Amino acid sequence: MNVIFVDDEENVLKGLRRVLHPARKEWSMSFANSGQEALELMKAEAFDVIISDMRMPKMNGVELLTQIKDAYPDTLRVVLSGYSETELILSCVKVAHQYLPKPTDYKTIKSTVEKALKLKHLLSNEALTTAISKLENLPSLPQIYDDINNELKKEDANLQTISELISADVSMTAKLLQICNSAYFGLNRNIDSPVDAVNYLGIDTIKSLILTIKIFEQFSETGVPKEKLENIWLDSQSTAMLAKQIASKAGCDKSLVNQAYTGGLLHNIGEIILRHELAEQYEGVEALCQNPDMDTIRAEQQVFGFSHDIVGAYLLDLWGLPSSISSSLALLHQPEHLNFDGLNPAELVFIAHKVLLIKKGQRHHQKTLLTYFEQETIDNWLLLADSQD
């Protein structure tokens, strides 16, 4: 792992060298005292990660990371700063993957970097990992995008209405949770639901993010057909609601219920990325799926060598969302790694996903659930799914 740290204060760089001394056996580290020096070093060798201060003379952190994003898009971009002004923090939302506050320790830096990149080796397509690293946002459905913009332009914009709109949109939920969970706002706990994120940030910050910084993007016809995007959204919402209902019926606490909902809502986000970024190649997936015995996951694995569940989990890890949510995607098609001793978000999303497939007539998925659960339990889940209609 090749990592570069950038800060204009020599004492800070000395402190980082001291704090990061235990990492010297695993990481090759460079230290630059200006944005220009960092760019010169990056011309000479490739870096996996850049961790930069925000306030520096001549070239600040946002300007530096913007250039890094354009010239070296595959590099993980992390802000490490002691400043907490909202305006300054919001300015780096679109160029940094994550934000860490000063002071921080070796364990925090190491875990942040390793979690962000842990699934990258499973994605054998460099063009895709580069595209994911450059992503600022993903397309939202036109109606939701218009509704939220119209609501925010009102003098008496309603926070609950905004929460409900964002909670119904896959892309908006992912982006807002990235912002809340990357320490931009100094939280010492995970935010695991879009409703909590909106309530925590408040109306003024939400307005700045959406109307001024424009963290959300309206759907365009490029890449993902509108009808297909709508189908993905409907499946995501159905899975989220069913996972939430199953968790509630099982007596799970509020946090687990929220994580189940969010994991279900985001479980298809990797498919949106593949269709958006590798549209021509995805036509090969569609062609394979004309065979009634072929499912999307196996078709993607044949075409790409990986499937959209891993793509989605990689994005969520890169953006710093809670592991409980990203694992809901990573383990969705790997039940052998789930134990079902007690329900966790990954297991709840897996169950909801399988139940909805059974409801669509794919009865062979019932055999999978019967490996872990009694028929009566599965029947009760099917009744919950029927109640959504």
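So here's what we get for this one:
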read-out	value
Single residue of Met42, Met29 found to be under 22 Å from Thr130 (Cβ atoms), in contact with a helix residue (DSSP H, G or I) (Cβ under 9 Å, 6 or more places away or on another chain) and surrounded by 14 or more Cβ atoms within 10 Å (Cβ to Cβ)	Met42
Every pair of residues 6+ apart whose Cβ atoms lie under 6 Å, when the first sits in the stretch 126-146 and is touching a residue at least 60 places away in the same chain (Cβ under 8 Å) and outside any helix (DSSP H, G or I) while the second is buried (at least 20 other Cβ atoms within 10 Å of the Cβ) and acidic (Asp, Glu)	Ser140/Asp169
One residue from Asp8, Asp74, Asp53 being over 24 Å from Ala116 (Cα atoms) and outside the structural domain of Gly320 (by TED's automatic domain parsing)	Asp8
Considering residues of the stretch 156-174 that are surrounded by 22 or more Cβ atoms within 10 Å (Cβ to Cβ) and touching a residue at least 60 places away in the same chain (Cβ under 8 Å) only, the residue farthest from Glu136 (Cα to Cα)	Asp169
Residue check, Ala23 of a type outside the set (S, T, N, Q) and either under 23 Å from Thr66 (Cβ atoms) or surrounded by fewer than 14 Cβ atoms within 10 Å (Cβ to Cβ) (or both)	no
Number of the condition not met by Gly82 [criteria: (1) within 20 Å of Glu277 (Cβ to Cβ); (2) modelled with pLDDT under 85]	(1)
Tally of residues being modelled with pLDDT under 80 and of a type in the set (Ser, Thr, Tyr) across the stretch 193-237	2
Helices (runs of 4 or more DSSP H) lying entirely in the stretch 9-114 (those with 1 or more residues that are among the basic types (Lys, Arg))	10-19, 35-44, 61-71
Any pair with Cβ under 6 angstrom, 6 or more apart, that starts in the stretch 332-357 at a residue that is free of Cβ contacts under 8 Å to residues at least 12 places away in the same chain and more than 15 Å from Ala240 (Cβ to Cβ) and ends at one that is part of a loop (DSSP other than H, G, I, E, B) and among the β-branched types (Val, Ile, Thr)	none
Residue match in the stretch 129-138 (condition: buried (at least 17 other Cβ atoms within 10 Å of the Cβ), touching a strand residue (DSSP E or B) at 6+ places or on another chain (Cβ under 9 Å) and of a type in the set (Ser, Thr, Tyr))	yes
Residue within the stretch 174-185 that is over 25 Å from Cys92 (Cα atoms), part of a helix (DSSP H, G or I) and not polar (S, T, N, Q) present	no
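Let's see how each residue does on (1) of a type outside the set (Gly, Ala, Ser); (2) in contact with a Cys (Cβ under 9 Å, 6 or more places away or on another chain); (3) touching a residue at least 40 places away in the same chain (Cβ under 8 Å):
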residue	(1), (2), (3)
Ile4	yes, no, yes
Glu9	yes, no, yes
Ala38	no, no, no
Met42	yes, no, no
Glu45	yes, no, yes
Ile50	yes, no, yes
Glu63	yes, no, no
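The values are calculated or read from the model by the stated rules, or taken from the named source; none is laboratory data. Only a predicted model underlies this, so the values are computations on that prediction, with no experimental measurement involved. Counting neighbours? That spans all protein chains shown, and the Cβs are built from the backbone with ideal geometry, glycine included.
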